[in-house]
Amino acid sequence: MNIDKKLSPQAIIALKEALPIIFWKKDDLLDFIKLVIDNKSIVGTINWNVTKRESIKELIERMLNRQDIYKNDLMNLLLAVTDFDDFSNLKYWDEDGTKTKRAKEAVNKLRTHTKGYIQITQEQEEARQRKIENEKKIKINKSLSEELEILKKKFNKLAITKDVQNEGLNLKNSCMIYFYYMI
């Protein structure tokens with residue numbers, strides 16, 4: 001079951017609002033973005049000589065327009081901003097606390113709009129991990145079943161053979177190897 005839920009327009013708008021607010025200096029914002037996204041080449045194509053808000057708008061719109069390339073980067077950016085909780089970079093420019101307050105409100109607003117989407121995304125990832133684990137267990141169980149079938153055939157061969165001592169020794173060695181790998 002693959003639920004590919006789209007981000008709400010409110011979440012996109014909230015991301016555009018939050019990113020320029022959580023960093024006062026453009027260089028810090030740029031460093032944050034470079035650390036969060038994988039396809040860093042898009043950062044070089046953005047005009048950073050305009051306001052932070054305009055640059056972020058351009059960045060996010062390009063990511064939205066080419067989701068085939070930037071969907072994971074957009075998700076990483078979204079998750080990084082919703083997880084953002086250290087506003088100490090604003091202290092130097094924030095004498096009365098309004099910048100920090102605005103930044104916290106912007107991040108909380110983004111969290112509100114992405115809560116359901118992030119929960120679904122996390123549930124999908126958890127389901128994918130469970131599926132991988134179950135496939136591994138099935139593969140191990142299948143392998144063990146095949147090995148037990150081989151041992152059963154050897155035992156049946158022992159039951160009908162006349163050289164019981166030699167066949168018994170072969171069965172014993174097979175069992176020892178089998179139990180060695182089980183441990």
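The values are calculated or read from the model by the stated rules, or taken from the named source; none is laboratory data. These figures come from a predicted structure and were not determined experimentally. A quick note on method: Cβ atoms are made from the backbone with ideal geometry, for glycine too, and the neighbour counts reach across all protein chains shown.
A few points about this structure:
- Of all the listed residues (Asn72, Asn76, Asn39), the sole one being over 23 Å from Ala103 (Cα atoms) and part of a helix (DSSP H, G or I) is Asn72.
- So Val50, is it in a loop (DSSP other than H, G, I, E, B), more than 15 Å from Pro9 (Cα to Cα) and either at pLDDT 90 or above or of a type outside the set (S, T, N, Q) (or both): yes
- Count of the stretch 4-13 residues which are in a helix (DSSP H, G or I) and either within 19 Å of the chain's Cα centre (by Cα) or over 21 Å from Arg66 (Cβ atoms) (or both): 1
- Within the stretch 96-128, being more than 15 Å from Ala11 (Cα to Cα) and at pLDDT 80 or above holds for Asp96, Gly97, Thr98, Lys99, Thr100, Lys101, Arg102, Ala103, Lys104.
- The stretch 79-106, residues that are in a helix (DSSP H, G or I), surrounded by 13 or more Cβ atoms within 10 Å (Cβ to Cβ) and not hydrophobic (A, V, I, L, M, F, W, C): Thr82, Asn89, Lys99, Thr100, Lys101, Arg102, Lys104, Glu105
- Residue in the stretch 15-25 that is part of a helix (DSSP H, G or I) and over 17 Å from Thr114 (Cβ atoms) present: yes
- Some residue of the stretch 74-90 being among the aliphatic types (A, V, I, L, M), in contact with a Lys or Arg (Cβ under 6 Å, 6 or more places away or on another chain) and at pLDDT below 90: yes
- One residue from Leu110, Leu79 being over 18 Å from Arg53 (Cβ atoms), under 29 Å from the mean Cα position of the chain (by Cα) and among the hydrophobic types (A, V, I, L, M, F, W, C): Leu79
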